[in-house]
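Here's the structure we're looking at; comments come further down.
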Ligand code: SF4
Ligand code: SF4
């Protein structure tokens, strides 16, 4: 079981500041608790500010085939937007970021684990429910699962020929992140403040 | 003495590294360091290098200091969480060790205890940040230290010949912003690449010591090319090692190559860091031939 919680108002405001936004809500699976009320409020605010180019509320965006089908009808609205704001677990955001490879895709939620059954983690995207989603600082690629050391401040010195020091079959996660950020023109996010993991978040949520 | 004082005086800082043994006897290490490394600016002590369990860096730093040398305490994030890291930093300060080299560290899978839990609670950048906090009298938990806080020269590493050099520069910038005072680089065998790297790195305004490995043999060069990230020995250098087997075996070729790279890169950097890998005795020759 996972919980997704909306990031703080300030963080979301900084993501959409001066931007046209397309919003994707994933309410699909039983394993994830979705912040329904808050998402409706956020959508209304964005619409009132004239920022919203469109939105969909759907399910299982973590399934690429399903997601592509759902997004197809909205491609015009997505084109018109500067950023795509995704309200889902970390897997959903990564699936969309990969598909819309030239668009900044931002996570509006943090994903936490709850004891018990885990959400089904499909295909190649993985989320470790770290509680403090870093996808907005990493071009929509999860540094916790895509980097062997789960580094959150950039590439280590172990990358050789684009591969990770731990596994020569595995592409270095930070190589992918750097490439994606360059592609969406967001290398500036690498200048963000020093990130320090917070391993206490899950306790706070289950309180 | 802090290595940063040497940079401030405009000296070309020279460091070399020693690796603690897997055991408790360091007479040999100390003797070698005293004989060959006592004239250089400072001596790095590696921290369970290549994830192989050995005698600790901190203890060997103290032993070197007692012998009158200036140690640089290498500290990685692989084996300790933020509590242990900060505690070891306080221990270092208490022992009078003022120089640090702060690294993420190789993964545990690379070493002789692949079953061990890799920690990486912090990484090189957040570790630099933690040291800076301690220097301001506060720990990462936000608690005040008692009494005068420690003061260090905070070193970090960067890989200038990496095939991901842009990602490396981005990481270097994060280290500078977190508070790194100076840099030592991964081994350089391609001066052109290093010089190009320095053109971009100089904007950060931090002293950089070029990393040097004395190539011992063709086999070693090929091994590094296949296995060591950020290191590439060009083919003509391998041919040079191949040309005269006796000369290479005696270490003369390697010393010549190392000295040549230093001479070529010296105008672009602020010091040299030699990773002698057992050839500590050759360090004085390299420096002499390089004109340092
Ligand atoms: S950073 Fe990765 S592990 Fe953390 S919530 Fe986001 S997708 Fe999940
Ligand atoms: S090589 Fe890349 S993926 Fe592997 S640990 Fe280093 S930064 Fe992470």
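Do the conditions hold for residue B:74, that is, is it more than 16 Å from ligand 2 (Cβ to nearest atom), surrounded by fewer than 23 Cβ atoms within 10 Å (Cβ to Cβ), free of Cβ contacts under 8 Å to residues at least 60 places away in the same chain and within 14 Å of chain A (Cβ to nearest Cβ)? Working first, answer last.
Values: more than 16 Å from ligand 2 (Cβ to nearest atom): yes; surrounded by fewer than 23 Cβ atoms within 10 Å (Cβ to Cβ): no; free of Cβ contacts under 8 Å to residues at least 60 places away in the same chain: yes; within 14 Å of chain A (Cβ to nearest Cβ): yes.
It is false that residue B:74 is more than 16 Å from ligand 2 (Cβ to nearest atom), surrounded by fewer than 23 Cβ atoms within 10 Å (Cβ to Cβ), free of Cβ contacts under 8 Å to residues at least 60 places away in the same chain and within 14 Å of chain A (Cβ to nearest Cβ).
Of all residues in the stretch B:168-183 being within 11 Å of chain A (Cβ to nearest Cβ) and crowded, with 24+ Cβ neighbours inside 10 Å, which is nearest to residue B:240 (Cα to Cα)? Among residues in the stretch B:168-183 that are within 11 Å of chain A (Cβ to nearest Cβ) and crowded, with 24+ Cβ neighbours inside 10 Å, the one nearest to residue B:240 (Cα to Cα) is B:168.
Scanning the stretch B:214-237 for residues that are under 16 Å from the mean Cα position of the chain (by Cα) and more than 14 Å from chain A (Cβ to nearest Cβ) yields a single hit, B:214. Residue check: residue A:177 meets all listed conditions (1) near ligand 1 (Cβ under 9 Å from one of its atoms); (2) crowded, with 24+ Cβ neighbours inside 10 Å but one, namely (1).
Scanning the stretch B:115-127 for residues that are touching a helix residue (DSSP H, G or I) at 6+ places or on another chain (Cβ under 6 Å) and more than 8 Å from chain A (Cβ to nearest Cβ) yields one hit, B:116.
If you go through the stretch A:177-197 and keep only what is farther than 16 Å from residue B:177 by Cα, more than 10 Å from chain B (Cβ to nearest Cβ) and assigned to a helix (DSSP H, G or I), you end up with A:180, A:183.
Would you be able to tell me the number of residues in the stretch A:137-166 that are in a loop (DSSP other than H, G, I, E, B) and more than 7 Å from ligand 2 (Cβ to nearest atom)?
Our first condition is that a residue be in a loop (DSSP other than H, G, I, E, B); within the stretch A:137-166, this holds for A:138-142, A:147-159, A:161-162, A:165-166.
After this cut, where a residue has to be more than 7 Å from ligand 2 (Cβ to nearest atom) as well, the list is A:138-142, A:150, A:152-154, A:157, A:161-162.
Of the residues in the stretch A:137-166, 12 are in a loop (DSSP other than H, G, I, E, B) and more than 7 Å from ligand 2 (Cβ to nearest atom).
Counting only helices (runs of 4 or more DSSP H) wholly contained in the stretch B:170-262, the ones carrying 2 or more residues that are at pLDDT 95 or above, touching a helix residue (DSSP H, G or I) at 6+ places or on another chain (Cβ under 7 Å) and within 30 Å of residue A:137 (Cα to Cα) occupy B:191-201.
Filtering the stretch B:263-292 to residues that are in contact with a strand residue (DSSP E or B) (Cβ under 6 Å, 6 or more places away or on another chain) and part of a helix (DSSP H, G or I) leaves B:265, B:283.
Confirm whether residue B:34 is surrounded by fewer than 19 Cβ atoms within 10 Å (Cβ to Cβ), part of a helix (DSSP H, G or I) and in contact with a strand residue (DSSP E or B) (Cβ under 8 Å, 6 or more places away or on another chain). Answer is no for this residue.
Does residue B:63 satisfy the criteria of being surrounded by fewer than 20 Cβ atoms within 10 Å (Cβ to Cβ), at pLDDT 95 or above and farther than 28 Å from residue A:148 by Cα? Answer is yes for this residue. The helices (runs of 4 or more DSSP H) found wholly in the stretch A:15-106 and carrying at least 1 residues that are over 16 Å from the mean Cα position of the chain (by Cα) occupy A:36-48, A:64-72, A:75-80.
Based on what the data block shows, is residue B:134 within 13 Å of another protein chain (Cβ to nearest Cβ) and either surrounded by fewer than 20 Cβ atoms within 10 Å (Cβ to Cβ) or at pLDDT 95 or above (or both)? Before you say what the answer is, go through the steps one by one.
Numbers: within 13 Å of another protein chain (Cβ to nearest Cβ): no; either surrounded by fewer than 20 Cβ atoms within 10 Å (Cβ to Cβ) or at pLDDT 95 or above (or both): yes.
Considered against the rule, which asks whether it is within 13 Å of another protein chain (Cβ to nearest Cβ) and either surrounded by fewer than 20 Cβ atoms within 10 Å (Cβ to Cβ) or at pLDDT 95 or above (or both), residue B:134 comes out as no.
Got at least one residue in the stretch A:106-122 being at pLDDT 90 or above, under 20 Å from residue A:176 (Cα atoms) and either more than 16 Å from ligand 2 (Cβ to nearest atom) or touching a strand residue (DSSP E or B) at 6+ places or on another chain (Cβ under 9 Å) (or both)? So far as the stretch A:106-122 goes, yes, one or more of its residues are at pLDDT 90 or above, under 20 Å from residue A:176 (Cα atoms) and either more than 16 Å from ligand 2 (Cβ to nearest atom) or touching a strand residue (DSSP E or B) at 6+ places or on another chain (Cβ under 9 Å) (or both).
Among the residues making up the stretch B:201-223, those that are more than 16 Å from residue B:180 (Cβ to Cβ) and surrounded by 14 or more Cβ atoms within 10 Å (Cβ to Cβ) are B:210, B:212, B:213, B:214, B:215, B:216, B:217, B:218, B:220, B:221.
Within the stretch B:229-259, being within 20 Å of residue B:160 (Cβ to Cβ) and touching a residue at least 24 places away in the same chain (Cβ under 8 Å) holds for B:229, B:230, B:231, B:232, B:233, B:234, B:237, B:257, B:258, B:259. Residue-level check: of (1) touching a strand residue (DSSP E or B) at 6+ places or on another chain (Cβ under 8 Å); (2) at pLDDT 90 or above; (3) within 16 Å of ligand 1 (Cβ to nearest atom); (4) closer than 26 Å to residue A:8 by Cβ, residue A:148 misses just (4).
Within the stretch B:97-114, being out of contact with any strand residue (DSSP E or B) (no Cβ under 9 Å at 6 or more places or on another chain), part of a loop (DSSP other than H, G, I, E, B) and either closer than 17 Å to residue B:74 by Cβ or within 14 Å of another protein chain (Cβ to nearest Cβ) (or both) holds for B:111, B:114.
The values are calculated or read from the model by the stated rules, or taken from the named source; none is laboratory data. Quantities reported herein were computed from a predicted structural model and do not represent experimental measurements. Glycine also receives a Cβ, built like all others from the backbone with ideal geometry; neighbour counts cover every protein chain displayed.
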